[in-house]
Amino acid sequence: MSDEPAGTAGRPRRLRVVLVTSTVGLLAMVGAAVLPGTAAAASTLGASAAERGGRYFGTAVAANKLNDSAYTTILNREFNQVTPENEMKIDATEPQQGQFTYGNADRIVQHALSRGMRVRGHTLAWHSQQPGWMQAMSGSALRNAMLNHVTQVATHFRGKVAWWDVVNEAYADGGSGARRDSNLQRTGNDWIEAAFRAADQADPNAQLCYNDYNIDNWNDAKTQAVYRMVQDFKNRGVPIDCVGLQSHFTGGSNYPSNYRTTLSSFAALGVDVHITELDIRNAPSDAYRNVVNDCLAVSRCKGITVWGIRDSDSWRSGESPLLFDSGGNKKPAYNAVLTALNNGTAPTTPPGGGCTTSVTPGTVWGDRYNTSVTVSGASTWTVVVAITRPQTVSTTWNGSASWDGGNSLLTMRSNGSGNTFGFTTMMNGNSGARPQIRSCTAG
Ligand code: XIL
């Protein structure tokens, strides 16, 4: 909160629940025989995400599926956050000007809140899925109609919606870095900040997000343009709390290797980041795992929402991009996501003395993965890491390595290269295990 400019500091904010961090995922790999009495790894996406610093794992929900018990069984078991897929869009909530209809959205909100799931509102201002009356408008009449819409809808859901996608998809694709042309854009370049100010007035406790697609690759002009807008808003005190990366890794763009840089760069502006509409063509486990690890590596990445439950629920069902097949069975990508969530480690205080470690999962390839470990509390240190056979370590960096215990205990000593060391682990057929810190000793 201290990094927010004076212009927004007085605005009441939703209290963030900081959960006591957990080593459940790490310890689960060790097993009860070695560390008796440790809790089991979480067995659902939402529960595991909650253990990773109070994050959420959510899904888009369609109101007309809430009476499909196969659908709600998975929804209620796995997810602790919900985004209405279409029911809060402008054409759904204000089909005729001044006549608001909330039935389907209210049903989703009720379903979610009664089960302790948080709700993302999607979306208050957008060039798409506008009702006919709005499509036909322009100029100040449209600006006023848009602001009234923002005010009415945000007021209706006040206290129920945790995050609003206030504005969706306002930037153009390609290399221009320009705003997308739309009837809303033609009302004046300040339409986005006007929408955020109206939403802030209507619901001061909701977190207000800008949401877009193709802002995943840090090198893209569109990403840079949105970054500069958020930076400008923070500098001028426009009330913005978060950026949503839709992350539809299908069709037009793939998971970029600099995704973590994008997340951390937005976060460094003083906003939270959310992965809001994740789906990946053919649901490759590696890409899903990398997205999870990237989010876990950025403390301001508050959660991940997949854009539907089963492949048959997807807006791109032909690409089978989700975590459950059309029969509701868990796909390999589901297991990859759950394992990555469970392996995500929070700072721990291992035995030894004088220092603590924080483990950050790195890039995962088909046959190997990286891990980095940051040591706190000592400038010279010795850290012992246990590797689960048949996994082996092929490379280490920023420390001097030695081996013990049949090459399953890696000892890393500081060598003047700083306090973060890393290593590459070859899976050798075991893709699930992750290294465990055995001790950290100062000196
Ligand atoms: C999609 C829905 O999934 C479809 O059911 C609907 O027909 C079109 O919109 N970006 C967004 C989402 O912000 O609202 C879109 O959802 C997908 C792309």
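Could you give every pair whose Cβ atoms fall below 6 Å, whose first residue belongs to the stretch 72-90 and is over 16 Å from residue 105 (Cβ atoms), and whose second residue is among the aliphatic types (A, V, I, L, M) and more than 11 Å from the ligand (Cβ to nearest atom), counting only separations of at least 6 or pairs across chains?
Matching pairs, first to second residue: 74/309; 78/45; 80/117.
In the stretch 404-418, is there at least one residue being touching a helix residue (DSSP H, G or I) at 6+ places or on another chain (Cβ under 6 Å) and crowded, with 22+ Cβ neighbours inside 10 Å?
Taking every residue of the stretch 404-418 in turn, none turns out to be touching a helix residue (DSSP H, G or I) at 6+ places or on another chain (Cβ under 6 Å) and crowded, with 22+ Cβ neighbours inside 10 Å.
Can you say whether residue 199 is touching a residue at least 60 places away in the same chain (Cβ under 8 Å) and either polar (S, T, N, Q) or more than 15 Å from the ligand (Cβ to nearest atom) (or both), as far as the supplied structure shows?
yes
Quick test of your reading of the structure: residue 186 fulfils all but one of (1) among the basic types (Lys, Arg); (2) surrounded by fewer than 17 Cβ atoms within 10 Å (Cβ to Cβ); (3) within 25 Å of the chain's Cα centre (by Cα). Name the failing condition by number.
The failed condition is (3).
Could we say that residue 82 is assigned to a strand (DSSP E or B) and in the same structural domain as residue 330 (by the TED database) here?
Yes, satisfied.
From the set of residues in the stretch 98-124 that are within 16 Å of the ligand (Cβ to nearest atom) and not in a strand (DSSP E or B), which is farthest from the chain's Cα centre (by Cα)?
104
Could you identify the single residue in 210, 259 that is more than 16 Å from the ligand (Cβ to nearest atom), at pLDDT 95 or above and under 15 Å from the mean Cα position of the chain (by Cα)?
259
Scan 299, 312, 320, 326 and give me the residue that is polar (S, T, N, Q), modelled with pLDDT under 95 and either under 19 Å from the mean Cα position of the chain (by Cα) or more than 26 Å from residue 417 (Cβ to Cβ) (or both).
Only one candidate passes the filter, namely 299.
Return only the number of the condition from (1) surrounded by 18 or more Cβ atoms within 10 Å (Cβ to Cβ); (2) at pLDDT 95 or above; (3) under 20 Å from the mean Cα position of the chain (by Cα) that residue 359 does not satisfy.
All conditions pass for residue 359, except number (2).
Would you mention how many residues in the stretch 227-248 are within 14 Å of the ligand (Cβ to nearest atom) and either among the aliphatic types (A, V, I, L, M) or at positive phi (or both)?
Total meeting the criteria: 3.
Just wondering, is there one or more residues in the stretch 6-28 that are more than 16 Å from the ligand (Cβ to nearest atom), at pLDDT 90 or above and crowded, with 21+ Cβ neighbours inside 10 Å?
no
List, please: which pairs have Cβ atoms under 8 Å, are six or more places apart or on different chains, and start with a residue in the stretch 173-193 that is more than 18 Å from residue 136 (Cα to Cα) and end with one that is modelled with pLDDT under 95 and of a type outside the set (D, E, K, R)?
173/252
Determine, yes or no, whether residue 220 is surrounded by fewer than 23 Cβ atoms within 10 Å (Cβ to Cβ), at pLDDT 95 or above and in contact with a Cys (Cβ under 7 Å, 6 or more places away or on another chain).
Taking the combined requirement at face value, the residue does not satisfy it.
Give the residue that is surrounded by the most Cβ atoms within 10 Å (Cβ to Cβ), with candidates limited to residues of the stretch 308-343 that are among the polar types (S, T, N, Q) and within 16 Å of the ligand (Cβ to nearest atom).
The residue in question is 314.
Tell me which of these residue 184 doesn't satisfy, since it passes every other one: (1) more than 16 Å from the ligand (Cβ to nearest atom); (2) closer than 30 Å to residue 279 by Cβ; (3) of a type outside the set (Lys, Arg).
Single failed check for residue 184: (1).
Tally up the residues in the stretch 377-413 that are hydroxyl-bearing (Ser, Thr, Tyr), modelled with pLDDT of 90 or more and under 32 Å from the mean Cα position of the chain (by Cα), please.
Within the stretch 377-413, residues that are hydroxyl-bearing (Ser, Thr, Tyr), modelled with pLDDT of 90 or more and under 32 Å from the mean Cα position of the chain (by Cα) number 4.
Would you mind telling me which numbered condition in (1) more than 12 Å from the ligand (Cβ to nearest atom); (2) polar (S, T, N, Q); (3) under 30 Å from residue 289 (Cα atoms) residue 83 fails?
(1)
The values are calculated or read from the model by the stated rules, or taken from the named source; none is laboratory data. Keep in mind that this is a model prediction, so the values were computed, not measured. In this analysis, Cβ positions are derived from the backbone assuming ideal geometry, glycine residues included, and neighbour counts consider all displayed protein chains.
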